[in-house]
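The values are calculated or read from the model by the stated rules, or taken from the named source; none is laboratory data. Predicted, not measured: the structure shown is a model, and the values here were computed from it. As a convention, Cβ positions derive from the backbone with ideal geometry for all residues, glycine included, and neighbour counts pool all protein chains shown. Note: areas computed on protein heavy atoms with side chains; ligands, DNA, RNA excluded. Shrake-Rupley method; radii C 1.70, N 1.55, O 1.52, S 1.80 Å.
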Amino acid sequence: MTATGTPVPTTAAVAGLPQARGPLSGRVLDALRLPSAPAREQAADRFPADLPATDPYGDDLQLALYVLYELHYRGFADVDADLEWDPALLRMRRVLERAFLDRLRADVPGGTDLASALDALLVEPPDGNGLTHYLRDRGRWWHVRELLALRSLYHLKEADPHAWVIPRLDGQAKASLVAVEFDEYGGGHAGRVHARLFADLMRGAGLDPRYLAYLDHCPAPMLATVNAMSLFGLHRSLRGALVGSFAAAEITTAPSARRMADALERLDAPPECVEFYTEHIEADAVHEQVMRHDVIGDLLLREPELTADVVFGIQAADLLEERLTRHVLDAWAKDATSLRMPLPGWGVGPGSLS
Ligand SMILES: [Fe+2]
Ligand SMILES: [Fe+2]
């Protein structure tokens, strides 16, 4: 119900388990189906203790991690909610997230130069070769629909990974982060929750608005962006990285939302497709300032030793976005789908809603 008592349709149906993408995700999915704790312990004993030969950015590891993290959000149909804290599953998760975290730390420049890390996010690529530049300038309707399906993994749980950090903050940093989250969650109005606006957008674009409906479609680079948020959010020791990655998202959203709104307007998309983005053009211009000055600023006054982790969070979010951008644009440059399987209507339409 809304504050006025009007029922609001929900998209909260719980999804079934996805398809395995290799041995690691296969073992995790099998373990979720085992009937007893001892059986899961045996499965964890057989799980590799480290993963030197596995690509930490690959589909198999990223899906395995995604599935285990999802137990902390809405879970899956026919999976016992108590498995969220199953010790055997947590042992498996630890191996996977260690491989992912180690690789992220190795692949970013690091350091403690916060101002440079933040400024780097605002540097526009010289040839405007980002995803939203592509959609604004030459995207077709099927490109837009692919991006919406990809982004649905995050936007249908928008702001949830960042909520984990709230009990780990104090003072102004806590108050200001909660103020940003309050906006993300609709300011007390279910119909204004950003995840709900995104579901409306998907419906308007003829896509399935149900939570995780496109998990099987989404390739590893998309899973990795959400997995990083969950990784940072679920570990108190990574609270600096969580705040950094959240700030990175807020700083980069307003200009990309502007370009998405322009793309949708050019393609004559229905009005409900545009509202999610117009909301973010204004909201995130404010959120950017709040995250920079009131959240990061206050956090680092209290805990200056977290500076390197805030920088790491910013750089990791940027790296993973860049990897996703390259994946999608490389596919589109070949007129191929960026998804693991195409959506209906893929590749159709010269430049309009077809
Ligand atoms: Fe939002
Ligand atoms: Fe925001």
Across 10 Å bins from 0, what is the distribution of all Cα-Cα pair distances for region 35-191, in whole percents?
8, 22, 34, 27, 9, 1
Size of the dipole of the chain about the Cα centre, Lys and Arg at +1 and Asp and Glu at -1 on the beta carbon, nothing else charged, in debye to 20?
700
With the chain reduced to its Cα atoms and the Debye formula applied, log10 I(q)/I(0) at q = 0.06, 0.10 1/Å amounts to -0.21, -0.61
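Relative contact order, percent, of the chain when contacts are C-alpha pairs under 8 Å separated by at least 6 residues? Could you put the intermediate results ahead of the total?
Values: 477 pairs, mean separation 84.9, N = 354.
Once divided by the residue count of the chain, the mean separation gives 24 percent.
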Once you place label points 7 Å from the Cα toward the Cβ at His293 and Ala190, how far apart are they in nm?
3.7
What ³J(HN,Hα) values, in whole Hz, does the Karplus curve 6.51 cos²θ - 1.76 cosθ + 1.60 give for region 104-117 when θ = phi - 60°, with x put for Gly and Pro?
4, 4, 6, 9, 10, x, x, x, 10, 8, 5, 4, 5, 4
Dividing the helical contributions, -39500 (n - 2.57) per DSSP H run of n ≥ 4, by the residues of the chain yields a 222 nm value, nearest 500 deg cm²/dmol, of -19000 deg cm²/dmol
Can you find, among Ser338, Ala195, Ala316, the residue sitting farthest towards the positive end of the charge dipole of the chain, where Lys and Arg contribute +1 and Asp and Glu -1 at Cβ?
Ser338
Give the span of region 147-301's Cα atoms along each principal axis, as three whole-Å numbers ordered largest to smallest.
47, 31, 26
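Leaving out ligands, DNA and RNA, what percent of the accessible area of the chain is carbon and sulfur, probe 1.4 Å? Could the numbers behind the result be given before it?
Working: 8030 of 14790 Å².
The nonpolar share, carbon plus sulfur, comes to 54 percent.
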On average, how much area does the Cα convex hull of region 75-153 cover when viewed from any direction, in nm²?
9.2
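Tell me, in nm to one decimal, what length is gained between Arg266 and Asp170 on full extension, where the rule is 0.36 nm per residue of separation less the Cα-Cα distance?
In short, 30.1 nm is gained.
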What's the center-to-center distance, using Cα atoms, between region 55-134 and region 148-165 in Å?
12
Give the share of C-alpha pairs in each 5 angstrom bin for region 135-195, from 0 to the last occupied bin, in whole percents, shortest bins first.
4, 16, 19, 17, 15, 12, 9, 6, 3, 0
Label points 7 Å out from Cα along the Cβ direction at Leu234 and Arg340: separation in nm?
1.8
